[in-house]
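Take a look at the structure below.
Quick note: the coordinates plus some simple rules give every number you see, no bench work behind them. All values reported here derive from a predicted model rather than from experimental measurement. Glycine gets a Cβ as well: all are built from the backbone with ideal geometry, and neighbour counts include every protein chain shown.
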Amino acid sequence: MNRKLEFIDTLNIPDYSLSALINEDLSGLTEEDQENVNAFIEKYDFDFIEVVDSEKDSFFTWHPEFGLACSCVECNIFKWNTKGD
């Protein structure tokens, strides 16, 4: 069985949530933010997230992937595909 990392999407992710999404560290998040992060994880069921350009500053947007308008970073999300050859 081959495992292949498949691209799902590029999304504007609130920068405050990166520790929760990358390191599974929800400390410091409000209950509402934790609910938003968990809903995002359930929606996309991804295995890996990467910041597109770590040298680039975050940017403000009225339309983050979840939550209210805030400072975001552009991230790619991926899922392992474990289908046979």
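General remarks:
- log₁₀ of I(q)/I(0) at q = 0.14, 0.17, 0.23 Å⁻¹ - the chain, Debye sum with one point per alpha carbon: -0.49, -0.70, -1.15
- 3J(HN,Hα) along the stretch 18-25, derived from phi through the Karplus expression 6.51 cos²θ - 1.76 cosθ + 1.60 where θ = phi - 60°, amounts to 4, 4, 5, 6, 8, 10, 6, 10 Hz, with x in place of Gly and Pro.
- For Ile8, distant residues with modelled amide H under 5 Å away: Ile77, Phe78, Lys79
- Amide proton proximity set for Gly67, modelled H, under 5 Å, gap of 5+: none
- Each residue in Thr61, Thr30 was given a count of other beta-carbon atoms within 10 angstrom of its own, and listing them fewest first yields Thr30, Thr61.
- The GluC sites (Glu not before Pro) of the chain that DSSP puts in a loop, and whose beta carbon has at most 10 other beta carbons within 10 Å, are Glu24, Glu55.
- Within the chain, chymotrypsin sites (Phe, Trp or Tyr not before Pro) in DSSP loop having at most 15 other beta-carbon neighbours inside 10 Å: Trp62
- Listed values for the stretch 5-11 are Karplus-derived 3J(HN,Hα) couplings in whole Hz (6.51 cos²θ - 1.76 cosθ + 1.60, θ = phi - 60°), namely 7, 9, 5, 9, 5, 10, 9, and x replaces Gly and Pro.
- Given the chain, longest segment not containing exposed loop trypsin sites (Lys or Arg not before Pro) (DSSP; at most 11 other Cβ within 10 Å): 4-55
- Between amide H atoms placed 1.01 Å from N, distances below 5 Å from Cys72 occur with Asp15, Phe59, Phe60, Thr61, all of them 5 or more places distant or on a separate chain.
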